[in-house]
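Enquirer: Just passing along the structure, written as structure tokens.
The values are calculated or read from the model by the stated rules, or taken from the named source; none is laboratory data. Only a predicted model underlies this, so the values are computations on that prediction, with no experimental measurement involved. Neighbour counts are summed over all protein chains in view; Cβ atoms, including those assigned to glycine, are modelled from backbone coordinates with ideal geometry.
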Protein chains: 2
Amino acid sequence: MKSSNFTIATLKENPADADIASHQLLIRGGFIRKLATGLYNWLPMGQRVLNKVTRIVREEMDNSGAQEVLMPVVQPADLWRESGRWDKYDAGDLLKFTDRHDREFCFGPTHEEIITDIARNELKSHKQLPVNFYQIQTKFRDEIRPRFGLLRAREFLMKDAYSFHIEESCLQRTYDLMHDTYCRILDRLGLDYRPVLADTGAIGGNASMEFQVLAESGEDVIAFSTESDYAANIELAESLPPVKASFELLTMEEVATPDRKTIVDVAAFLQVEPTRTVKTLIVEGDDDDLVALILRGDHQLNPLKAEKITGVKSPLVMASDKAIKKATGANPGSLGPVNLPMRVIADRDAAALVNFICGANRDDYHFTNVNWDRDVPVFDTCDLRNVVEGDPSPDGKGQLKFRRGIEVGHIFQLHDVYSSKMNATVLNEEGKAVTMIMGCYGLGVTRLIAAIVEQHHDDKGIIWPLAIAPFQVTVIPINAHKSPQVQEVSEAIYTGLRAAGVEVLLDDREGVRPGAKFADAELMGIPHRLVVGDRGLENNHVEWVVRQSGKSVDLPLEEVVTRITQESA
Amino acid sequence: MKSSNFTIATLKENPADADIASHQLLIRGGFIRKLATGLYNWLPMGQRVLNKVTRIVREEMDNSGAQEVLMPVVQPADLWRESGRWDKYDAGDLLKFTDRHDREFCFGPTHEEIITDIARNELKSHKQLPVNFYQIQTKFRDEIRPRFGLLRAREFLMKDAYSFHIEESCLQRTYDLMHDTYCRILDRLGLDYRPVLADTGAIGGNASMEFQVLAESGEDVIAFSTESDYAANIELAESLPPVKASFELLTMEEVATPDRKTIVDVAAFLQVEPTRTVKTLIVEGDDDDLVALILRGDHQLNPLKAEKITGVKSPLVMASDKAIKKATGANPGSLGPVNLPMRVIADRDAAALVNFICGANRDDYHFTNVNWDRDVPVFDTCDLRNVVEGDPSPDGKGQLKFRRGIEVGHIFQLHDVYSSKMNATVLNEEGKAVTMIMGCYGLGVTRLIAAIVEQHHDDKGIIWPLAIAPFQVTVIPINAHKSPQVQEVSEAIYTGLRAAGVEVLLDDREGVRPGAKFADAELMGIPHRLVVGDRGLENNHVEWVVRQSGKSVDLPLEEVVTRITQESA
């Protein structure tokens, strides 16, 4: 391709609203453009990358034996009502609309309902199982706050797959196969990633695993073991019950703590560590009641863990100050589990404390030397908190450390969450109708591209892995308009490389200085750059610069095509 | 692929709501399934065809030098307001909705606004022109009456391209190039089609041409010349002015025509041919006035021709009976151009009549021997009618005959319809900002597949052209469960063909009789069928049946792979 026939749309400045490298560089490199909040155009340079990523995903899915299908973007409300998600799906993210005949539809954020409808209609017998259907299709999630460019866009391209089975073991095999397929895809894309245990979220089901690309800009925090291959999203990572130390129980006392409302203030005032205090969070229960969640002062509540507790409203809703005052007589800041007129649930670490400090349920007063059982006779104990670095790994091996990650894929064992509600059955070997069980497997195609850039860039721009670079090589002639020789050699290299199957961009833009072309080549992340100039040609040389290493080599003219073809394979 | 791992979803019965062959056979053959009105799922068998058609379209577009992009399905209202189409686009077809922040969007039925926005932002200089951007993207048109399966679906896949230029001659070259590219695509898809002159419709612009696939089920009527390559949609085909015969002008008389209101009734009552009469149609003008359109009694009004006349409201609106009565004193059925208190526009053929009959603008009366100029001194003459078979061809060569067609593609010279409204300029060679001019080029990808089936089927099912068949070959073992030899030979052929790069479906479904497998192979339209049975193997033969011709040949076993590989290329 010659840049005289190919639109290069690089920009000198970072867009004002772009905070992270992938967002900045994909726009500055001319790969994407913002159309509206969370909506992006793919420009020709970006579309080449997108096509390559799509091809790799399709190849590996086909190799896994999955069957490609295509389901409409527009989905009828009826099926979502059958599954129970029409009014429940991630509050507000589901974009609903009515057609000209006032029938209700949504713009699909995911396709469980549609594929389950297909499965119950087309699959009749156990002989047709297992199947794994996939598609590469546009999705829309009306995110309340789209951000980070492609990482949290509203419209995006996704590969989603759905498998159907009778036996658990068969589901497990496909789930494992998808795990391996995702690893192959991410390996081919040159990504450093970890499969981690994860929460199942709005999709539902039981087992689930996220594929997290490691990157400082990631929105997720992953907890790794220092001594095993345990890895989990901290949303999910379990905090193990600590060993309860045995201390003499001291006498509980009420002390005045005027104007001290935060853990830090109270601990400082009473001259103890925050680890000796507890905090009391009041949330709404399932039956218009209130529930108190007790955590050690230095720990953070994990809402996903809390909302899974029977009796606690899901999603989690914090009680209002007014409701708290009415129930306890005190304001937040002076609350505690002693004589609290509601159900009390203590995190395992809070429950292991002795002689601890908590609010007295009386404004500006706290209790010291509080002890469970003696002072709080009735309470439940649960895992309620986020793990912290240094916690023991839940598998018993080593300690937890944290890394940030970008979730690019997510695989689930849905079991019968959808198939039972939608009555998706087949006849088993005995001729009896049995409900199928399902797996589902998502991979964010456009998000992958942002994740690749997060891992593959430097201060000059993107550094595409060869397999997905828009072009493998760019040829930059120096002053071609003055030198017929430069022009001729550049054209010959261009033609030779193309004949050898290399994707090459000849940067023949008029009126753009060589320095600007070099900078563009670096910004756009083309793996190999060949610079053709009179000075080099005097010595029969072309300059070859490798984007990754920045290394420059003078290649003898006669070797250029062969060598660069090898390097581009 | 083995059918034990590939979902075959053939049906015995035609769906109740499917009237035409492509709709029936694509559903019965298990290629698509209706999700809701005008929305279709693509099942694995159909997706294979869709991927092949998409690949051919992409290859030819790339070969033409067009640059692939991808624009969001969801489009902001602002851009549609800029172009003036937000409230104007094909009444009701534009699906509008608001997001969670109450911002207005539509589900893109076409992408002129978005691409023009991209062009005005990214293209700065004449040096970047010409460019031709294309995408293969999902569209949605909220058709009031979706029908004929994929032919008039609401959600569909389309290839749309948009070119930008400064010079008319440059636009013409790209337009011609797209014409040739479309011909190559349709040739590769094995279609019998005609490029025909067409109206520009809601898209706007001047020159335009449709690519019509000839099929009885087509919704369009195409007028061809018997003696030249003239072809046009009858919406557009011009009716030439006839030679006005010279006759003696007779005296106009008013005659009573009690209760005769239609042309047929009046002509019969007065014992003349309808060709001697005119009909008078009253439509609304641009300025709340009325306009009379006069056609020969046997001719039909062409609304597209009428609404293009200055002063006539567009789209065309027939006047109400009440407005007609008020303006003329008469009811429809007794109207005529004599003394009519409004502007009169006569079709060329009506204007060539002498001594004709028309309503007297007095209920139950007509005039005979009416003559233009003498009896109707002021009137305009225009081409107002649909051409009819036997009309002279507008290019002066031969006569018109009609065929029906399916519009699969449409190319337009938009000129500056969008670019001037949206202020899309570049700097020309003198450094002056000039408005770009545009072409646009649509090709209905999913519609193409239906058109192919309309042309390639028989009473047994689809007959896919090799280039887009889901599989080129199906191998059907007879009683493989009883014959290890049949199973072994079938597997060997399957493996051999796959190794040779042939796409082959081994129909190893359990519990399905050979006859049903043969019928499915015919219904699904697989070009080659190989039947492996003990009887044939006794003579070292495999039966080879060609779907197109139905011919059956006994192939010696050792020749099977080589021969069928050749036939599948």
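Enquirer: So which of B:A350, B:A360 is aliphatic (A, V, I, L, M), touching a residue at least 60 places away in the same chain (Cβ under 8 Å) and touching a His at 6+ places or on another chain (Cβ under 7 Å)?
Expert: Answer to the check: B:A360.
Enquirer: Can you tell me which residue within segment B:1-23, out of those that are away from chain A (no Cβ under 11 Å) and in contact (Cβ under 8 Å) with a residue 60 or more places away in the chain, is surrounded by the most Cβ atoms within 10 Å (Cβ to Cβ)?
Expert: That would be B:S22.
Enquirer: Consider only pairs whose beta carbons are under 6 Å apart and that are at least six residues apart or on different chains; among these, list those whose first residue lies in segment A:116-132 and is more than 8 Å from every other protein chain (Cβ to nearest Cβ) and closer than 14 Å to A:I166 by Cβ and whose second residue is in a helix (DSSP H, G or I) and hydrophobic (A, V, I, L, M, F, W, C).
Expert: A:P130/A:C170
Enquirer: Evaluate segment B:528-551: report whether one residue or more is within 14 Å of chain A (Cβ to nearest Cβ) and in contact with a strand residue (DSSP E or B) (Cβ under 7 Å, 6 or more places away or on another chain).
Expert: Within segment B:528-551, not a single residue is within 14 Å of chain A (Cβ to nearest Cβ) and in contact with a strand residue (DSSP E or B) (Cβ under 7 Å, 6 or more places away or on another chain).
Enquirer: Condition first: at positive phi and surrounded by fewer than 16 Cβ atoms within 10 Å (Cβ to Cβ). Now tell me which residues in segment B:404-439 satisfy that.
Expert: If the condition is that a residue be at positive phi and surrounded by fewer than 16 Cβ atoms within 10 Å (Cβ to Cβ), then B:N423, B:G431 are the ones that fit.
Enquirer: State whether the residues of segment A:205-224 include one that is surrounded by fewer than 20 Cβ atoms within 10 Å (Cβ to Cβ) and without any contact (Cβ under 8 Å) to a residue 60 or more places away in the chain.
Expert: There is no residue in segment A:205-224 that is surrounded by fewer than 20 Cβ atoms within 10 Å (Cβ to Cβ) and without any contact (Cβ under 8 Å) to a residue 60 or more places away in the chain.
Enquirer: Can you give me the ranges of the strands (runs of 3 or more DSSP E) entirely in segment B:332-409 with at least 2 residues that are at pLDDT 95 or above, among the polar types (S, T, N, Q) and farther than 30 Å from B:C183 by Cα?
Expert: Result: B:365-370.
Enquirer: Need a quick list: strands (runs of 3 or more DSSP E) entirely within segment A:229-291 having at least 2 residues that are farther than 30 Å from A:Y193 by Cα.
Expert: Result: A:253-256, A:278-284.
Enquirer: Here are the criteria: (1) assigned to a loop (DSSP other than H, G, I, E, B); (2) surrounded by 13 or more Cβ atoms within 10 Å (Cβ to Cβ); (3) within 30 Å of the chain's Cα centre (by Cα). Tell me which single one B:T310 does not satisfy.
Expert: (2)
Enquirer: Let me ask another. Six or more apart or on different chains, Cβ atoms under 8 Å: show the pairs whose first residue is in segment B:94-112 and within 11 Å of chain A (Cβ to nearest Cβ) and at positive phi and whose second is in a strand (DSSP E or B) and at pLDDT 95 or above.
Expert: none
Enquirer: Would you confirm whether or not segment A:165-179 contains a residue that is of a type in the set (K, R) and assigned to a helix (DSSP H, G or I)?
Expert: Within segment A:165-179, one or more residues are of a type in the set (K, R) and assigned to a helix (DSSP H, G or I).
Enquirer: Of all residues in segment B:159-169, how many are within 13 Å of chain A (Cβ to nearest Cβ) and either surrounded by fewer than 24 Cβ atoms within 10 Å (Cβ to Cβ) or modelled with pLDDT under 95 (or both)?
Expert: 0
Enquirer: Got a number for residues in segment B:542-556 being without any contact (Cβ under 8 Å) to a residue 40 or more places away in the chain and part of a strand (DSSP E or B)?
Expert: 9
Enquirer: Moving on to the next point. Can you find even one residue in segment A:500-522 that is on the phi > 0 side of the Ramachandran plot and within 14 Å of another protein chain (Cβ to nearest Cβ)?
Expert: Scanning segment A:500-522 turns up at least one residue that is on the phi > 0 side of the Ramachandran plot and within 14 Å of another protein chain (Cβ to nearest Cβ).
Enquirer: Given the residues B:T495, B:T474, which is the only one that is without any contact (Cβ under 8 Å) to a residue 40 or more places away in the chain and over 30 Å from B:M209 (Cβ atoms)?
Expert: B:T495
Enquirer: For the structure I just gave you, tell me whether B:T37 is within 21 Å of B:G515 (Cα to Cα) and touching a residue at least 24 places away in the same chain (Cβ under 8 Å).
Expert: No, not satisfied.
Enquirer: If you don't mind, there's one more thing I want to ask. Can you tell which of B:R194, B:R184 is in contact with an Asp or Glu (Cβ under 6 Å, 6 or more places away or on another chain), away from every other protein chain (no Cβ under 14 Å) and not in a loop (DSSP other than H, G, I, E, B)?
Expert: The conditions single out B:R184.
Enquirer: Would you mention how many residues in segment A:547-569 are within 37 Å of the chain's Cα centre (by Cα) and either more than 21 Å from A:M524 (Cβ to Cβ) or of a type in the set (A, V, I, L, M, F, W, C) (or both)?
Expert: 3
Enquirer: Now for a different question. Can you report the number of residues in segment B:479-507 which are within 27 Å of A:K124 (Cβ to Cβ), modelled with pLDDT of 95 or more and crowded, with 19+ Cβ neighbours inside 10 Å?
Expert: Residues in segment B:479-507 being within 27 Å of A:K124 (Cβ to Cβ), modelled with pLDDT of 95 or more and crowded, with 19+ Cβ neighbours inside 10 Å: 7 in total.
Enquirer: Among the listed residues B:L39, B:L43, B:L50, identify the single one that is within 11 Å of chain A (Cβ to nearest Cβ), of a type in the set (A, V, I, L, M) and over 21 Å from the mean Cα position of the chain (by Cα).
Expert: The match here is B:L43.
Enquirer: Is at least one residue of segment B:59-81 facing chain A (nearest Cβ under 7 Å), over 28 Å from B:V417 (Cβ atoms) and either aromatic (F, W, Y) or in a helix (DSSP H, G or I) (or both)?
Expert: Scanning segment B:59-81 turns up no residue that is facing chain A (nearest Cβ under 7 Å), over 28 Å from B:V417 (Cβ atoms) and either aromatic (F, W, Y) or in a helix (DSSP H, G or I) (or both).
Yes/no per residue for (1) touching a Ser or Thr at 6+ places or on another chain (Cβ under 8 Å); (2) more than 30 Å from A:R55 (Cβ to Cβ):
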position	(1), (2)
A:G396	no, yes
A:A424	yes, yes
A:E430	no, yes
A:V445	yes, no
A:E454	yes, no
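Enquirer: Suppose the filter is touching a residue at least 40 places away in the same chain (Cβ under 8 Å), under 30 Å from B:D102 (Cα atoms) and aliphatic (A, V, I, L, M); does A:I144 pass it?
Expert: yes
Enquirer: If you scan segment B:456-478, which residues turn out to be assigned to a strand (DSSP E or B), surrounded by 17 or more Cβ atoms within 10 Å (Cβ to Cβ) and under 25 Å from the mean Cα position of the chain (by Cα)?
Expert: If the condition is that a residue be assigned to a strand (DSSP E or B), surrounded by 17 or more Cβ atoms within 10 Å (Cβ to Cβ) and under 25 Å from the mean Cα position of the chain (by Cα), then B:H457, B:G461, B:I462 are the ones that fit.
Enquirer: I'd like to check something: does segment A:326-339 contain any residue that is touching a Cys at 6+ places or on another chain (Cβ under 8 Å) and under 10 Å from A:L384 (Cβ atoms)?
Expert: Within segment A:326-339, none of the residues are touching a Cys at 6+ places or on another chain (Cβ under 8 Å) and under 10 Å from A:L384 (Cβ atoms).
Enquirer: Moving on. List the number of the failed condition for B:I56; all other conditions in (1) under 19 Å from B:F140 (Cβ atoms); (2) more than 9 Å from every other protein chain (Cβ to nearest Cβ); (3) not in a loop (DSSP other than H, G, I, E, B) hold.
Expert: The failed condition is (1).
Enquirer: Restricting to segment B:511-541, name every residue that is charged (D, E, K, R) and part of a helix (DSSP H, G or I).
Expert: Of everything in segment B:511-541, those that are charged (D, E, K, R) and part of a helix (DSSP H, G or I) turn out to be B:K517, B:D520, B:E522, B:D534, B:R535, B:E538.
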